[in-house]
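As structure tokens, the structure follows; a few thoughts come after it.
The values are calculated or read from the model by the stated rules, or taken from the named source; none is laboratory data. A quick note: this is a predicted structure, and the numbers were derived from the prediction, not measured. So basically every Cβ, Gly included, is an ideal-geometry build from the backbone, and we count neighbours across all protein chains shown. Only protein heavy atoms, including side chains, enter the accessible area calculation; ligands, DNA and RNA are left aside. Shrake-Rupley method; radii C 1.70, N 1.55, O 1.52, S 1.80 Å.
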Amino acid sequence: MGHRDKRTARIWKEIDEILWNVWDPIGVNNADAARDEYHGYISGIFRLLEDGAAEEQIAKHLHQIETESMGLTSDEFHCREVAKQLLRINLK
């Protein structure tokens, strides 16, 4: 695995951990069987981070997933808090 591949894998893992432990809009992070529930959203968030997206863009993306993809009511403040954590990921 090359340096870039290891870097990408590390970043994806960090995104996954934040989505699972902090975001968890459907409240399943206490069920090991659902551990892959948010994997489908990692690539979009990865692209946003790589493109230098601002906190508001990431929060909006999470909000759209919650409301449009999942059909849930979204907590925009929580989405902003999750976005802040995602922006703390070291992209180097």
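Taking the stated definitions as given, is L91 part of a loop (DSSP other than H, G, I, E, B), at negative phi and not charged (D, E, K, R)?
Taking the combined requirement at face value, the residue satisfies it.
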> Restricting attention to the range 80-89, and to residues there that are over 13 Å from P25 (Cα atoms) and touching a residue at least 60 places away in the same chain (Cβ under 8 Å), which single residue is surrounded by the most Cβ atoms within 10 Å (Cβ to Cβ)?
Replying inline: L86
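So, A33, is that one exposed (fewer than 13 other Cβ atoms within 10 Å of the Cβ), hydrophobic (A, V, I, L, M, F, W, C) and over 15 Å from the mean Cα position of the chain (by Cα) or not?
Here the answer is yes, as A33 does meet what is asked.
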> With E17, E50, E55 as the choices, which residue is open to solvent by 20 Å² or more (accessible area, probe 1.4 Å) and in contact with a helix residue (DSSP H, G or I) (Cβ under 7 Å, 6 or more places away or on another chain)?
Replying inline: E55
> Only one residue in K92, K60 is among the basic types (K, R) and under 23 Å from R7 (Cα atoms). Which one?
Replying inline: K92
